[in-house]
């Protein structure tokens with residue numbers, strides 16, 4: 001129990017300092033594209049955390065990650081000139097809706113297999129026997 005308590009406090013302390021460092025990176029260096037130092041550090045920590053997940057937590061993380069990415073794209077589309085193009089905004093909105101429903105479906109029992117399987121033919125009950 002003592003080691004668990006030490007691990008929890010060590011984790012909390014490390015995350016606090018990591019967050020402070022990344023915030024300092026954001027304040028010190030203006031954002032100029034995708035090569036910001038904070039991006040690499042945050043992505044690295046996210047990947048490390050993701051590797052620790054399995055089962056329902058792994059599926060929940062993946063589902064939430066897809067939804068969050070779509071929402072970020074939509075938000076940036078709204079604040080940029082993409083908002084002036086109605087077809088682009090419709091595509092971004094449709095992506096958020098598609099990823100949200102896919103995320104929920106993947107969390108339902110049997111949903112992960114159903115979400116991963118893509119039929120080239122109509123999916124459903126399959127062939128029905130002739131009526132008698």
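The values are calculated or read from the model by the stated rules, or taken from the named source; none is laboratory data. Since the model is a prediction, treat every value here as computed from it, not as a measurement. With ideal geometry, Cβ positions are generated from the backbone for all residues, glycine too; neighbour counts draw on all protein chains shown.
Residues in segment 42-63 that are in a helix (DSSP H, G or I) and exposed (fewer than 14 other Cβ atoms within 10 Å of the Cβ): 43, 44, 46, 47, 48, 49, 50, 51, 55, 56, 57. Look at segment 1-26: where a residue is more than 15 Å from residue 46 (Cα to Cα) and a partner is surrounded by 11 or more Cβ atoms within 10 Å (Cβ to Cβ), sitting 6+ places away or on another chain with Cβ atoms under 8 Å, you get 21/41; 25/36; 25/37; 25/38; 25/41; 26/36; 26/38. Checked against the criterion of being surrounded by 13 or more Cβ atoms within 10 Å (Cβ to Cβ) and either within 30 Å of residue 110 (Cα to Cα) or at pLDDT 85 or above (or both), segment 76-84 has no qualifying residue. Being surrounded by 11 or more Cβ atoms within 10 Å (Cβ to Cβ) and not in a helix (DSSP H, G or I): is that true of residue 23 here? When the stated conditions are applied, residue 23 does not pass them.
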